[in-house]
Amino acid sequence: MEATNRNNEFELQLYVHPGSGDDSAGGSRNLPFRTIEAAQKAVREAVRSGQYRRITVFLRGGTYELAAPLRFGSRDAAGDCRVTYRNAEGEVPVLLGGTVLSGWTVWRDGIWRAALPQGTRFQTLYADGERVYKARLPASGYFEAGALAGKEREGILFREGEVPEQLDPAAMQLFVWPGEGEWNWCSETIPVRRIDPAARTIELERPCTWGIGEGSRYFLQGALEFLREPGQYHLDEAADRLYYRPRNGNPLLQTVIAPKLLRLLEIYGEDEAERVSGLAFQGLTLACTDFYADYRMMRSEPGMDNAEPDEHRNGVVYIRNAADVEISACTIRGSGACGIFLDRCAERITLAGNRIEGIGHTAVYAAGYAPGEGGFAGPAAADQNRNHLITNNRISHGGELVGHGSGILLYQCGDCVVSHNLISQMPRYGISLKGQRHQLMPDSLWGVPVTWENHWDFLFTRSNSIRYNDISEVMTGSQDGGLVESWGIGRRNVIHGNRLHHSGIHFSFGFGIYLDDASDDVEVTHNVLDHLYSTGEGKLWMTIFSKGIGNVIRNNLMVDNPQAVNAIGSQEMVGEANRDITVEGNIIADSGHLYCFVNWSPERFRAADRNLFWRSGASCRISGELPAEPAGRNEVWGNEYDWAAWRSVLDGKYDAGTLLAAPGFVDGAAGDYRLRPSSPVYGLGWEDIDFSLIGPRENWREEAGSARGTGVGTETGGAAGLSAGEKGNADEA
């Protein structure tokens with residue numbers, strides 16, 4: 001170990017090298033430890049001594065193959081001693097959650113096989129950093145299930161000729177999107193109990209959370225007979241043998257990894273009163289974790305909608321009972337479950353400048369206490385997942401094993417800044433905010449009677465700032481969702497300055513920004529929604545859809561979404577009020593009709609004015625249901641109304657100052673949506689959108705430090721202090 005005195009603050013530096021280190025050495029640069037665990041033991045002794053203000057553990061390049069998760073608790077740091085684990089200068093340490101496989105031999109038809117140690121089990125596989133999927137039927141896409149009348153949760157009917165006879169259901173699973181054949185909201189993976197070829201039925205080991213309706217999408221996986229396409233494998237559990245069909249080449253020239261852990265890094269305080277704090281992890285690569293043989297979408301108890309089951313609350317990085325912890329400039333790739341999971345009690349966590357990719361579930365999942373969960377004395381005591389900074393992360397290719405996997409999900413989590421992230425390739429949302437609807441709440445929570453007036457007190461997904469994120473290519477596998485979405489949330493959330501673009505609705509229907517049921521008091525301002533589209537049988541119904549109460553949609557740019565049916569929509573349903581929406585100062589250019597009212601009430605809009613609408617010279621229309629004379633039927637919902645009819649509603653209350661005119665872009669055809677000085681929108685009070693602020697920032701360390709005040713980008717251990725060489729793979733992130 002090497003101790004220095006800098007500015008009268010004693011600093012300790014330790015080194016680890018998996019190749020040349022020795023755990024009996026002193027941990028210096030020249031005599032490093034071999035394992036992280038040995039360095040961790042030395043850190044604990046140093047923390048206990050109380051003589052250091054900062055301790056840094058430098059991990060040299062190489063592979064750290066973990067037999068168990070690295071767990072950090074309250075002994076691993078102290079309030080007056082910041083501890084950082086980070087990459088050594090210019091080097092890439094890789095923490096691996098699996099075993100590299102060898103002993104490959106050719107079997108037949110391009111399939112290789114390898115003998116495994118007895119009892120080896122895993123639910124996903126990796127080759128050269130890419131996921132290898134279980135052999136499945138069909139090899140890509142889906143079959144459509146038939147419903148088992150009266151037993152819709154217990155299994156499915158399959159069509160004649162789809163499933164081969166004499167299949168062994170051992171280790172076979174059904175991946176399914178349950179819910180009436182229409183609700184493609186969440187997926188489950190369930191072991192198969194029995195296949196009856198004569199009755200054409202598949203019986204499941206447990207009931208599905210929702211009924212599997214006629215037309216629900218599904219595929220089977222886990223049989224050797226299904227191994228027909230490259231990039232898939234079959235594990236014969238009885239014989240401890242792996243069969244693998246490479247995408248190209250052969251496994252002798254690949255690094256094939258069988259995962260054995262669900263978590264690599266656990267930052268887990270002993271209890272909520274003894275939280276771990278003062279830890280930072282920087283410039284590390286954490287890779288290859290496992291998935292589940294049985295994945296359930298949510299807890300089944302009443303009132304636990306969107307609450308992840310305990311057994312599935314996992315991530316490559318798992319944080320609970322923690323505060324003031326930083327994960328920055330790391331690469332997190334190849335997970336079975338989530339990338340980073342902030343569980344129940346976690347406050348002031350900084351996630352900055354990370355690259356998170358190839359994720360089985362959701363890249364960043366912050367899940368607080370569900371309404372009524374835990375023995376708290378009132379809702380204020382239960383509000384323990386909050387104040388996070390999630391910024392400048394590059395997130396891609398999530399939901400590879402869970403169909404509702406998303407980029408960033410906040411459930412019962414508030415007061416967060418989610419900014420400057422680049423998110424793409426998700427089967428469901430880019431960013432999602434979740435809670436619980438008032439109509440589904442019980443009469444009492446945490447000993448407090450629930451009323452309409454106080455029900456927001458129990459909803460902790462509030463006061464979040466979702467700003468300057470770049471989101472594209474999401475909603476690739478699901479429907480009835482959006483690039484940014486909310487449901488059953490608390491108040492004062494802000495969606496500001498984001499760009500949502502080049503993303504499609506591939507079947508059924510969906511939206512750009514989706515304020516779903518019971519989304520109240522949300523500000524949607526200065527966002528850019530462009531090149532959103534429909535494909536196949538999908539319909540981009542609205543670019544912005546606002547349910548809820550008191551939402552403000554102001555100064556947004558909706559442009560070049562010609563397949564959008566409508567620009568802005570609203571709907572009251574499931575007993576949750578939809579009223580007092582403000583729609584002001586927006587630019588809608590080639591993005592469908594101006595408004596859609598799925599249903600109408602006189603109090604739906606608080607105000608609507610000073611918008612600019614342009615549809616390549618076509619007339620401005622409103623769709624849905626209005627107390628006015630229709631001009632025809634709409635292709636998706638209800639009627640269409642011309643501009644004069646809309647202006648007649650409530651004696652011309654709305655859009656008196658709205659213009660029907662070209663916006664005057666600098667070069668709209670080339671995607672330059674800046675406005676010429678002569679644009680008519682400036683007369684409407686338009687505020688220019690600074691496109692340069694959207695997405696990751698080159699100086700993210702300083703910005704993150706400023707947003708947090710401590711941690712990232714500061715002298716207390718942030719990544720801003722890294723030298724050009726030291727930051728290593730931090731630059732890659």
Discussion item. Can you compute 3J(HN,Hα) from phi for each residue in the stretch 648-658, using the Karplus curve 6.51 cos²θ - 1.76 cosθ + 1.60 with θ = phi - 60°, rounded to whole Hz and x for Gly and Pro?
Written reply: 7, 5, 6, 6, x, 5, 10, 6, 4, x, 6
Item to complete: Using Cα pairs closer than 8 Å and at least 6 residues apart in sequence, work out the relative contact order for the stretch 216-321, in percent.
Response: 25
Worksheet item: For a paramagnetic label modelled at 7 Å from the Cα of residue 443 toward its Cβ, which residues of the stretch 340-381 fall within the zone defined by backbone nitrogen distances under 18 Å?
Response: 372
Discussion item. Using alpha carbons only, how many angstrom separate the centre of the stretch 90-158 from the centre of the stretch 284-309?
Written reply: 18
Worksheet entry | Rg to Rh, two decimals, where the stretch 364-421 supplies the alpha carbon set and Rh follows Kirkwood | 1.06
Item to complete: Beyond 36 Å, what share of the Cα-Cα pairs of the chain is found? Please give it as a whole percent.
Response: 46
Fill in: Per residue solvent-accessible surface (Å²) - the stretch 343-386, probe of 1.4 Å
21
Item to complete: Give me the distance between the Cα centres of the stretch 489-510 and the stretch 374-430, rounded to whole Å.
Response: 14
Worksheet item: Which Rg and Dmax, in Å, describe the Cα atoms of the stretch 377-473?
Response: 15.6, 44
Item to complete: Divide the volume of the convex hull of the Cα atoms of the stretch 1-136 by its number of residues and quote the answer in cubic angstrom per residue.
Response: 164
Worksheet entry | Linear extension gain, residue 252 paired with residue 573, 0.36 nm per residue minus alpha-carbon span | 109.8 nm
Practice prompt. With everything on Cα atoms, drop me the angle between helix 36-49 and the longest principal axis of the chain, reported from 0 to 90° to the nearest 10.
Written response: 90
Worksheet item: Over the chain, what percent of the accessible surface lies on carbon and sulfur atoms, probe 1.4 Å?
Response: 46
Worksheet, complete the sentence: Counting only residues 5 or more apart in sequence or on a different chain, those whose built amide H sits under 5 Å from that of residue 534 are 505, 540, 563
Worksheet item: Computed FRET efficiency, Cβ-Cβ of residue 531 and residue 166, R0 51 Å: what is it to the nearest 0.05?
Response: 0.55
Practice prompt. Quick one: order 530, 22 from most to least accessible surface, probe 1.4 Å.
Written response: 22, 530
Worksheet item: Restricting the count to DSSP beta bridges whose residues both fall in the chain, what percent are antiparallel, rounded to a multiple of 5?
Response: 30
Worksheet item: In nm, to one decimal, how far is the residue 666 label point from the residue 63 one, both placed 7 Å along Cα→Cβ?
Response: 4.9
Discussion item. To check my understanding: the extent here is largest minus smallest coordinate of the Cα atoms along each principal axis. What are those three numbers for the stretch 173-221, in Å, largest first?
Written reply: 29, 18, 18
Worksheet item: Between residue 109 and residue 648, how many nm apart are label points set 7 Å from Cα along the C-beta direction?
Response: 6.9
Worksheet item: Contour minus end-to-end for residue 502 and residue 206, with contour as 0.36 nm per residue of separation and end-to-end as the Cα-Cα distance?
Response: 102.7 nm
Discussion item. Among 357-368, 542-553, how do they line up by average Cβ neighbours within 10 Å per residue, starting with the highest?
Written reply: 357-368, 542-553
Practice prompt. May I ask you to list the aspartates and glutamates whose Cα is less than 12 Å away from that of residue 41, ignoring any residue fewer than eight positions away on the same chain?
Written response: 23, 76
Fill in: Globularity ratio of the stretch 188-253, using Cα Rg and 2.2 N^0.38 Å
1.43
Worksheet item: Which FRET efficiency value, to the nearest 0.05, do you get for residue 678 and residue 607 by plugging their Cβ-Cβ distance into 1/(1 + (r/R0)^6) with R0 = 22 Å?
Response: 0.25
Worksheet item: What whole-number value in cubic angstrom gives the convex hull volume per residue for the C-alpha atoms of the stretch 440-487?
Response: 115
Worksheet item: If you project the alpha carbons of the stretch 312-414 onto their three principal axes, what span does each projection cover, largest first, in Å?
Response: 40, 27, 16
Fill in: FRET efficiency estimate (nearest 0.05) - Cβ-Cβ, residue 273 to residue 452, R0 45 angstrom
0.85
Item to complete: Compute the normalised compactness of the stretch 332-378: alpha-carbon radius of gyration over 2.2 N^0.38 Å, N being the residue count.
Response: 1.40
Worksheet entry | Rounded to the nearest 10 Å², the accessible area of residue 224 at probe 1.4 Å | 50
Response to the item:
Taking only the alpha-carbon atoms of the stretch 608-691, the convex hull volume per residue, in cubic angstrom, is 122
Item to complete: Work out how much length residue 380 to residue 693 would gain on full extension: take 0.36 nm times their residue separation and subtract the Cα-Cα distance, in nm to one decimal.
Response: 109.2 nm
Discussion item. How large is the direction-averaged shadow of the alpha-carbon convex hull of the stretch 558-698, in nm²?
Written reply: 10.2
Practice prompt. Taking a cut-off of 28 Å between Cα atoms, list the lysines near residue 653, but don't count ones fewer than 8 places away on the same chain.
Written response: 547
Item to complete: Could you state the accessible area per residue of the stretch 38-185 in Å², with a 1.4 Å probe and every protein chain left in place?
Response: 47
Worksheet item: For labels at residue 196 and residue 28 in the simple 7 Å Cα→Cβ model, what's the distance in nm?
Response: 7.5
Item to complete: Could you work out the relative contact order of the stretch 399-542, using alpha carbon pairs under 8 angstrom and six or more residues apart, expressed as a whole percent?
Response: 24
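The values are calculated or read from the model by the stated rules, or taken from the named source; none is laboratory data. Not measured: the values here are computed from a predicted model. Note that we place each Cβ from the backbone using ideal geometry, even for glycine, and neighbour counts take in every protein chain shown. In case anyone asks, the SASA skips ligands and DNA or RNA and just uses the protein heavy atoms, side chains included. Shrake-Rupley method; radii C 1.70, N 1.55, O 1.52, S 1.80 Å.
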